[in-house]
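Taken together, the values in this text are just the output of simple stated rules run on the coordinates, not laboratory data. Note that the coordinates shown come from a computational prediction; the quantities given were computed from them, not determined experimentally. Positions of Cβ are generated from backbone atoms using ideal geometry, with glycine treated the same way; all protein chains shown enter the neighbour counts.
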Amino acid sequence: MRGPEFLDRYEGGLVLAGLLRAYAHQPDTVVLALPRGGVPVAYEVARKMGVPLDVFLVRKLGAPRHEELAMGAIASGGVRVLNREVLDELNISEAQIDAAAAREGLELQRRELRYREGRPPPDVRGRTVILVDDGLATGTTMRAAVAALRQQEPARIVVAVPVGAVESCDDLADEADEVICARKPEPFHAVGLWYRDFAQTSDEEVRELLAREARERNAGLEQPSAV
């Protein structure tokens, strides 16, 4: 297997931004990151494209006794997406699903409060939303995000990741309006294998990047236009 495709998530974002040039500097476009790992990627995408950055909260539902295996996901707005193959194979009950959803719902709410610091979520109705994460493995989390966003009636949903499994990228094309996977290595195995530095993104890094992007964007808006 060849080596990592990217030095870190920031480099992945820079590569991804180059593939999203058609959406750059469009007033109806917003970049939404899936925390936490998607935020450094999305920061570079939003900065290079000159469009606003925000977060969209999604939490994976780990299967009982197999927490690393996604049996589904929940997203802002009360959306729940389930992986029926995993549920059937492991004979997971509705009570177990509800318990996992309740636990992850508390963490989702905590992150909403911590990351937004009182700011309301962006109004995406009629806008182009670029959903960014650091990679696509099973795609369950991203599918939950797309399903939740559909309820808010955006004009277009673009899923964008630096690296993803071929099957997951292809499957999402049926649900999003456009899917951009910068790299689709085979065999895939795991997202982290394709980054030299895949250290966990902290809550503080998420908050700092959101604040930095807002400062930079506001400073740009305050500068006089070139004649």
Checklist line | Two-decimal Rg to Rh for the chain - Kirkwood Rh, Cα set | finding: 0.97
Checklist line | Approximate spin-label separation Arg156-His66, in nm, with each point projected 7 Å along Cα-to-Cβ | finding: 3.9 nm
Notebook entry, point to check: Bin by bin, in steps of 5 Å, what percent of the Cα pairs in the stretch 155-219 do you find, going until the bin that has the longest distance?
Noted result: 3, 15, 16, 14, 17, 19, 12, 3, 0
Margin query: At 0.36 nm per residue, and after removing the present C-alpha to C-alpha distance, how many nm does the segment from Glu117 to Glu89 gain when stretched out fully?
Written below: 6.0 nm
Check: Roughly speaking, what % of Cα-Cα pairs in the stretch 97-202 are separated by over 18 Å, rounded to a whole number?
Finding: 58 percent
Next item on the list: Please order Asp197, Asp133, Asp174, Asp54 by the number of other Cβ within 10 Å, starting at the fewest.
Entry: Asp174, Asp197, Asp54, Asp133
Item checked: Per-residue Cβ neighbour rank within 10 angstrom, fewest leading, Phe56, Phe6, Phe198 -> Phe198, Phe6, Phe56
Item checked: the chain - mean residue ellipticity at 222 nm from DSSP helices (-39,500 (n - 2.57) per run, n ≥ 4, rounded to 500) -> -12500 deg cm²/dmol
Notebook entry, point to check: Which whole-Hz ³J(HN,Hα) couplings does the stretch 21-28 yield from phi under the Karplus relation 6.51 cos²θ - 1.76 cosθ + 1.60, θ = phi - 60°, glycine and proline marked x?
Noted result: 4, 4, 9, 5, 6, 8, x, 9
Check: With labels modelled as points extended 7 Å from the Cα through the Cβ direction, what inter-label distance (nm, one decimal) is found for His25 paired with Leu7?
Finding: 2.7 nm
